[in-house]
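Asker: Below is one structure. I have some questions about it.
The values are calculated or read from the model by the stated rules, or taken from the named source; none is laboratory data. Here the structure is a predicted model, which is why all the values come from computation and not from measurement. When we count neighbours, we look across all protein chains shown, and the Cβ atoms used for this are built from the backbone with ideal geometry, even at glycine. For accessibility, only protein heavy atoms count, side chains too; no ligands or nucleic acids. Shrake-Rupley method; radii C 1.70, N 1.55, O 1.52, S 1.80 Å.
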Amino acid sequence: MIFLGKPTRAKNALFAALCFLLSGMMFYSWAMFEGIPARTELRPASGRVTWVQDGKYGIKFALDGVPKSFDYASKGNAMGLVHDALSRPDRPVVTVLYDPSNPGGPIYSKDIYYGVFELSIAGKPFRSHVEIAEAWQTDENLAVWLGSFFVLGGIYLAWAAFHNRGAT
């Protein structure tokens with residue numbers, strides 16, 4: 001396998017190219033991120049939670065009387081708190097602000113979910129639009145640091161490949 005063994009000129013060049021590719025993708029993602037939808041573009045939905053599914057990348061749930069399913073993305077932070085609030089045994093009324101113009105879902109399924117960008121429990125704000133927007137921006141800012149790390153790694157590996165580091 002190419003990843004095992006001693007470093008060679010070819011392996012260093014391959015990993016340098018991979019580092020530059022990853023850094024380019026991260027910088028592109030950061031540069032293209034325009035933030036979450038404006039609060040005025042979002043639509044409200046309210047009801048008692050009928051089901052909750054905790055996942056690695058978000059919390060999916062449905063509200064009684066609302067024919068849509070929702071997804072609170074992990075990029076919004078506070079996943080444990082949100083899951084606990086949505087799973088409360090007393091089933092309070094939950095109000096969400098969601099983006100009706102951008103449904104999503106897994107590529108292997110016909111399930112459709114709408115992104116949640118504000119959450120209130122029993123009429124009290126729980127995760128505000130501002131808090132979620134800040135969390136998403138923080139996540140995107142991490143791409144700058146990771147992209148920089150990969151650029152530096154790519155520069156070193158390219159230098160090692162072109163200065164005959166390792167066996168050929």
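Asker: Go through (1) in the same structural domain as W30 (by the TED database); (2) assigned to a loop (DSSP other than H, G, I, E, B) one by one and return the number of the condition W159 breaks.
Answerer: (2)
Asker: Quick one: in region 29-82, of everything that is among the charged types (D, E, K, R) and in contact with a helix residue (DSSP H, G or I) (Cβ under 9 Å, 6 or more places away or on another chain), which residue is modelled with the lowest pLDDT?
Answerer: Of all residues in region 29-82, those among the charged types (D, E, K, R) come to 34, 39, 41, 43, 48, 54, 56, 60, 64, 68, 71, 75.
When the remaining residues are screened for being in contact with a helix residue (DSSP H, G or I) (Cβ under 9 Å, 6 or more places away or on another chain), the result is 39, 54, 56, 75.
Details: R39: 94, D54: 90, K56: 87, K75: 91.
Across region 29-82, the extreme among qualifying residues is K56.
Asker: I'd like to verify a number: residues in region 89-131 that are open to solvent by 20 Å² or more (accessible area, probe 1.4 Å), in contact (Cβ under 8 Å) with a residue 12 or more places away in the chain and more than 25 Å from G35 (Cβ to Cβ), how many?
Answerer: The qualifying residues number 5.
Asker: In the list F126, F117, which residue meets the criterion of being assigned to a strand (DSSP E or B) and farther than 22 Å from E140 by Cα? Even if it seems obvious, please write down each step before you answer.
Answerer: Details: F117 fails: farther than 22 Å from E140 by Cα.
Every option except F126 fails the conditions.
Asker: Criterion first (among the aliphatic types (A, V, I, L, M), at pLDDT below 95 and under 20 Å from E140 (Cβ atoms)) does A85 satisfy it?
Answerer: Values: among the aliphatic types (A, V, I, L, M): yes; at pLDDT below 95: yes; under 20 Å from E140 (Cβ atoms): no.
No, not satisfied.
Asker: Also: Looking at region 47-88, which of its residues are in a loop (DSSP other than H, G, I, E, B) and open to solvent by 50 Å² or more (accessible area, probe 1.4 Å)?
Answerer: Just the residues of region 47-88 that are in a loop (DSSP other than H, G, I, E, B), to begin with: 55-57, 64-68, 77-78, 87-88.
Once the filter is applied, which keeps residues that are in a loop (DSSP other than H, G, I, E, B) and open to solvent by 50 Å² or more (accessible area, probe 1.4 Å), region 47-88 yields K56, Y57, D64, G65, P67, K68, N77, S87, R88.
Asker: E140 versus (1) in a loop (DSSP other than H, G, I, E, B); (2) touching a Ser or Thr at 6+ places or on another chain (Cβ under 9 Å): which is the lone unmet condition?
Answerer: (1)
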